[in-house]
Each structure stands twice: as C-alpha cells, then as structure tokens.
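We did not get these values from a lab; they are worked out from the coordinates using the rules stated. Not measured: the values here are computed from a predicted model. In this analysis, Cβ positions are derived from the backbone assuming ideal geometry, glycine residues included, and neighbour counts consider all displayed protein chains.
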Amino acid sequence: MNHWPDCLKNRRCIIDFIISFLPKGGRLNILSSKWKNLRRPPCIRGWIPWIGAGFEFGKTPLEFIEKARIKYGPVFTVIVMGTRMTFVTEEEGINVFLKSKEINFELAVQNPVYHTASIAKNIFLKLHEKLYITVKGKMGIFNLYKFTGQLTEELQEQLQNLGTHGTTDLNKFMRHLLYPVTVNILFKKGLFPTDERKIREFHQHFQAYDEGFEYGSQLPECLLRNWSKSKKWLLALFEKNIPDIKTHKSAKENYPTVMQAVLDLLEMEANEQKSPNYGLLLLWASLSNTVPVAFWTFAFVLSHPNIHRTIMEGISSVFGTAGKDKIKVSEDDLKKLPLIKWCILETIRLRAPGVIARKVLKPVKILDYTVPSGDLLMLSPFWLHRNPKYFPEPDLFKPERWKEANLEKHAFLDCFMAFGSGKYQCPGRWLALLEIQICIILIFYYYDCSLLDPLPKQSSLHLVGVQQPEGRCRIQFKQRK
Ligand code: HEM
C-alpha cells in the first residue's frame, strides 16, 4: 500500500517535502535549488524493467509520441529497451536541439550504424566527419548540375521498358524506376543488374533490409534471421563489385561517382576493408526516403486534378505537347516549373521522418527541466510539420505555401526539418529533390497518368525515415500522342 499523500508520489515532491521541514539556511537553499535545477522531464517507463514502454511504443510509435505530448506536455522522456529518449516538441526544446553545443549527432547514431552496417564505433567516429564532407561536397548545390544530364538519361532509359500503356502498382513502379537510376549514378553506371532474376533478388533483399532497418538498428542480428540474410546479401553484392566500382571510369566525363570518392577516402585512411559496409549505408540512405517521397508526390499530384493540370500545362509549355522523343532537361527548364518542386517539398513536409536524434553530452535545461547526459534527445519532424503554429492548415496538401520559401537561396520554410538540421543535415537533399523533379517531368511528358485507387493511408509503424504507404495504390498510364 502506498501511504504517501498524492502530491508526494514522485521523488521530486518527497525531496521538497523533506527540505520544507529543515531550517532555512543558505546551504539548504542551495540544496533545494540544486534539486529544482535537476528536475527531470516526466518519464514514461512502462511496467517491465529495461523493456520500459517498449511494447506500447513499438506498436504505433508516431501516435505514441503525440498522445504523450498531449498528456505530459512539451518535453517528456520515454524508456524503451533500456534507452532513455527525451522528446522535445516546442520552441524551447527545439532550440536546444538545434543550437546547444552539448548535444551530438555522431554519438546518437553510432549504435544504429554498428548494428545495421557492422561498422565498429571507433571506426565510425574516426571517419565520420571526413566522409560527410566528401559526400556533401559531391552532392552539394554547386555540383548538382553534373547530375542533371545523367539523371535524365538514366530515367529515360528505364522508362523505355515501360511500354505504351498499362496498369501498375505505383510503389512498385517507383522502385523499378529509382533503384537502378540511383545505383547507377551514385555507384557506377551499369552496376544495377539487368537480368530479371537478379533484379528480383535485389528488390527482395533491399526491401527486407529497409523494412527491418529499425529493428535491425536496435536488436542483435541473431534475433532477425531474414533481415540478417538480406543484409549479408547486400554486403556480398558490394564486396564483389567494389574493385569494379573503384576502377570504372565514366565514358563521358572523368568525374568520380559519390561511391568512388568514398572509396578513395577509405583507402587513404587505411580502412578499405569497410568499403562494402559504407556502400550499404550509402545505398540505404539514397533509396529509403527518396522512393517513398517520389511515390507520395505522384499520388498527391494525381489526386489533386487542378495541380495535376497545371503541372501538365507547364511541362507542355517547356518541352512541347507530346512526348515520344528523348528530351534534355536543363537547370533553366527546372526553374520554369516551380510548382513541381513545391509539390515535392509539400509532400516531404507531410510525410517527414518520424524522428531525428542527438545524444546529450552534458545536462541541458529545457523549460523547468534538466535533461541528463546520456539521454537521446528526439525531435519529430513529422509532428513539428503538423503544428499549426508553424504550418497553417498543417494537414492540407498546399504546395503554394512554398512560394514563401527562398528556394533561390536554397532555404526551406522555417521549421521544415525533414532533412534534419545543423552540421550533419542530409547531404543528399538537393540530389533527392533533383531526381524526383526530373522523374515527374519525364513521366508526365511521356504518359497520361491517373490513379485507380484512393490515396492510401500512411503506415504509422516506422519512426526512422519518411512514412511508407499502407495498402495498394495503382496507376494507369498511357503514352501521350
Ligand atoms: C527525400 C529524401 C531524403 C530525406 C527525407 C532524407 C532525410 C535525411 C535525414 C533526416 C537525415 C538525418 C539528418 C539529421 O539527423 O540531422 C539524413 C542523413 C543522411 N542522408 Fe538523407 N534524406 C533523403 C535523401 C537522401 C539521398 C538521396 C541521399 C544520398 C544520395 C542521402 C544521404 C544521406 C546521408 C549519407 C546521411 C547521413 C549523414 C551523416 O552521416 O552525417 N539522403 N537524411
């Protein structure tokens, strides 16, 4: 039986209660204020030690976060599988997340990187900054023009296999288009298999790896047999192809691919043996978000007839009315079609990653709370983007809100955080936008498309990365005359 009065049921109250009986002296005031400073955010710890709130959290993690915010306020801690995760949902906490020197990206991701790509923590920490700078430079805004021609060619090559008309599952269609294009561009032209059986194998293993990524990032591999099998298959694929990627020279331009630059750096740092592992990380980072974003953008556009019509008119005015011949897409063409970019960004806003994480190095104050060192500080771009304070009518697909963003200066809307933030913001963001822009232009240039199913629900199962569609969504396509 618990005989404490209600107000004393948490530790902080008990301590204040005891202090209130002691004589008022300088030392005790200091003691009291020290405890006040160390007041922790409300904590959801579940009933089972170590597992904590793991079961409830794991069922529908996105909904769990929102319900906890409503119940416990803007800062709260959840204990899951022995990990303390403190969520910040309003200005004060977000500011700490964005600006504090006491929080760290690398220490937050070193464990997931170890589990998902078998890169030891010491190697990851030693190489991360150099690798990030390399990758960011290769895909930076000033190097982007180097990808435009290649992306257009690769996409057109893939679209030629589509035939004149048909019906297909939109998600499958996007995978069949973007897996080969992305792999051939970032790793080596021709790396993606062309043999039917091998293509099927690639799809099967990448999807299994991607779907299990979240569990894989936390649990021992021995508990995830199928996921582990797919991880090994992908690592073996890179192991086999690394020598080829390394020596391959592009026929047109002597410009090393992103993976070639990574391999050069690994060689310089005497860590070549980890090449397949970094290959796997780059593969996952480049496909896991871009493919669902391309899917959702198409689905949103096709389910908004006015937007669809305006985009079709724009494409016809820039490239001509009917699409059979190959076209070239230039930077200038893209600038003439801003609505397409707004649609992609609005889609990313609505389907943003469930969380991004940082490690707390030294205790940080947020509101009246002190978040202890060792906690993971979590921010949910998904929920942040649904806050009407930052995005009016947040649930509506309103591409025109992006008119306000200074995209010419490469700035997104305030509080848009789908690509993370700070020093290690997503280095592939400009390439992802470019790839999806060209993809939309080419599909709509060649085909009349329509949705055969309503916009599917988004799955609330995943926190890492953008939301996946739940259930089928077919499109009908017919070559334009
Ligand atoms: C719409 C598509 C994409 C979204 C929404 C997205 C989102 C993100 C997010 C949220 C992060 C973590 C940043 C942080 O915590 O601050 C990240 C990291 C990363 N992304 Fe992306 N990304 C996308 C596309 C891409 C593409 C196409 C590539 C590569 C070609 C890429 C490569 C990476 C890499 C390498 C990192 C890790 C950076 C590091 O280790 O410091 N991403 N991305």
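For segment 44-112, the equivalent ellipsoid derived from the alpha-carbon gyration tensor has semi-axes of 21, 17, 10 Å in decreasing order. Full extension of the chain segment joining residue 236 with residue 145 gains 29.5 nm, where the gain is 0.36 nm per residue of separation less the Cα-Cα distance. Amide H contacts for residue 366 (H built 1.01 Å from N in the peptide plane; partners 5 or more residues away or on another chain; cut-off under 5 Å): 371.
Segment residue 455..residue 479, full-extension length gain: 6.3 nm, with 0.36 nm per residue of separation and the alpha-carbon distance subtracted.
Structural descriptor for the chain: relative contact order 23 percent, calculated from alpha carbon pairs under 8 angstrom and at least 6 residues apart.
This model, with +1 at the C-beta of Lys and Arg and -1 at the C-beta of Asp and Glu, gives segment 344-448 a dipole about its Cα centre of some 500 debye. Secondary structure note: in the chain, about 85% of the DSSP beta bridges are antiparallel.
In terms of packing, defined here as the mean over residues of other Cβ atoms within 10 angstrom, the peptides 173-185, 317-329 line up highest first as 173-185, 317-329. With contacts taken as Cα pairs under 8 Å at a separation of at least 6 residues, segment 302-456 carries a relative contact order of 29 percent. Model label points for residue 448 and residue 411, set 7 angstrom from Cα along the Cα-to-Cβ axis, are 4.3 nm apart.
Each other residue within a Cβ distance under 13 Å of residue 454 adds +1 if Lys or Arg and -1 if Asp or Glu, for a net charge of +1.
Taking the square roots of 5 times each eigenvalue of the Cα gyration tensor of the chain, largest first, gives ellipsoid semi-axes of 44, 26, 21 Å.
The Cα center of segment 155-204 and the Cα center of segment 348-375 differ in position by 38 Å. Peptides 270-276, 106-112, 460-466, ordered by how many other C-beta atoms sit within 10 Å of their residues on average, highest first, read 460-466, 106-112, 270-276. For chymotrypsin sites (Phe, Trp or Tyr not before Pro), no site in segment 374-481 is both called loop by DSSP and has at most 14 other Cβ atoms within 10 Å. Restricting the chymotrypsin sites (Phe, Trp or Tyr not before Pro) of segment 29-120 to loop positions (DSSP other than H, G, I, E, B) with no more than 15 neighbouring Cβ atoms within 10 Å leaves 47, 50.
Over all other residues within a Cβ to Cβ distance under 14 Å of residue 129, the charged ones net out to +2, with Lys and Arg as +1 and Asp and Glu as -1. Note that segment 352-366 has calculated 3J(HN,Hα) couplings of 5, x, x, 8, 10, 10, 9, 9, 7, 8, 10, x, 10, 8, 9 Hz, one per residue in order, obtained from phi through the Karplus relation 6.51 cos²θ - 1.76 cosθ + 1.60 (θ = phi - 60°); glycine and proline are x.
Remark: the residue 395-residue 51 segment gains 120.5 nm on full extension, using 0.36 nm per residue and subtracting the alpha carbon distance. Mark the label point 7 Å from the Cα of residue 403 along Cα→Cβ and return the residues of segment 330-351 whose backbone N is within less than 17 Å of it. Zone members listed by number: 336-346. Each helix, a run of at least 4 DSSP H residues, gives -39500 (n - 2.57); summed and divided by the residues of the chain, these come to -16000 deg cm²/dmol at 222 nm. The residue 198 and residue 99 beta-carbon pair, evaluated with R₀ = 56 Å, returns a calculated FRET efficiency of approximately 0.75.
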